[in-house]
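Each remark here refers to the structure printed beneath this line.
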Amino acid sequence: MLQLFLSTLAAFFGVQTEQNRVRDFQSRSPVPFIVMGILLAFALVASLIFIVKLVLA
């Protein structure tokens, strides 16, 4: 689970290594990566909203 999170996080920010990308596409179904990507996108948006509200308050 941690490896899935770290791999998705690296790909999310565009710093995924070629070796990890090849490993990920060979060993797993894309569904866990899609779900993790959606969760990370939601967390990013939620954290940005929180920071903006904190600054404006």
Any idea of the accessible area per residue across the chain, 1.4 Å probe, to the nearest Å²? 80
Relative packing of peptides 30-37, 41-48 - highest average C-beta neighbours within 10 Å first: 30-37, 41-48
Taking the square root of 5λ for each eigenvalue of the C-alpha gyration tensor of region 1-56, the equivalent ellipsoid has semi-axes, largest first and in whole angstrom, of 27, 12, 7
Whole-percent carbon and sulfur share, accessible surface of the chain, 1.4 Å: 76
Kindly provide the helix-only [θ] at 222 nm of the chain, computed as the sum of -39,500 (n - 2.57) over DSSP H runs of four or more divided by all residues, to the nearest 500 deg cm²/dmol? -28000 deg cm²/dmol
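The values are calculated or read from the model by the stated rules, or taken from the named source; none is laboratory data. Bear in mind the structure is a predicted one, so any value in this text is a computation, not a measurement. Glycine also receives a Cβ, built like all others from the backbone with ideal geometry; neighbour counts cover every protein chain displayed. Heavy atoms of the whole protein, side chains included, go into the accessibility calculation; ligands, DNA and RNA do not. Shrake-Rupley method; radii C 1.70, N 1.55, O 1.52, S 1.80 Å.
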